[in-house]
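What follows is calculated from the coordinates using simple rules that are stated; it is not laboratory data. This one's a predicted model, so the numbers in the text were calculated from it and none came from an experiment. When we count neighbours, we look across all protein chains shown, and the Cβ atoms used for this are built from the backbone with ideal geometry, even at glycine.
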Amino acid sequence: MTPPERMPAGQDAWMHELRNAVNAVAMAVALGRGGSAEGDIQRMQTALARAEEGLVRVRSLLMHPATPPAHSASATRDHR
């Protein structure tokens with residue numbers, strides 16, 4: 001397996017934030033699953049709230065990435 005290509009620094013930071021948000025959702029789902037197995041309604045509600053918060057963060061990151069798209073050749077031309 002070949003290593004992935006490195007992303008520009010801003011995109012790397014964005015990807016790190018996205019991974020953190022997705023991991024938070026995964027952990028909340030696991031917490032909820034445990035609460036469900038034990039019949040712990042409060043734990044399940046807490047887990048659902050955490051999952052929802054994580055998904056809001058994921059959506060925000062996907063809808064409004066912190067790094068602008070790469071410049072195209074036409075965007076870097078000198079307009080006089």
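Structure summary
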{"read-out": "Whole-Hz ³J(HN,Hα) from phi, Karplus 6.51 cos²θ - 1.76 cosθ + 1.60, for segment 40-53, glycine and proline x", "value": "8, 4, 4, 5, 5, 5, 4, 5, 5, 5, 5, 4, 4, 4"}
{"read-out": "Estimated FRET transfer efficiency (His64, Arg33; beta-carbon r; R0 35 Å; 0.05)", "value": "0.70"}
{"read-out": "Integer Hz, Karplus 6.51/-1.76/1.60 couplings in order for segment 19-31, x for Gly and Pro", "value": "4, 4, 5, 5, 5, 4, 5, 4, 5, 5, 5, 5, 4"}
{"read-out": "Sequence of His64, His16 once ranked by neighbouring C-beta atoms within 10 Å, starting from the fewest", "value": "His64, His16"}
{"read-out": "Ratio Rg/Rh, restricted to segment 17-65 and using Cα atoms, in which Rh is the Kirkwood radius", "value": "1.08"}
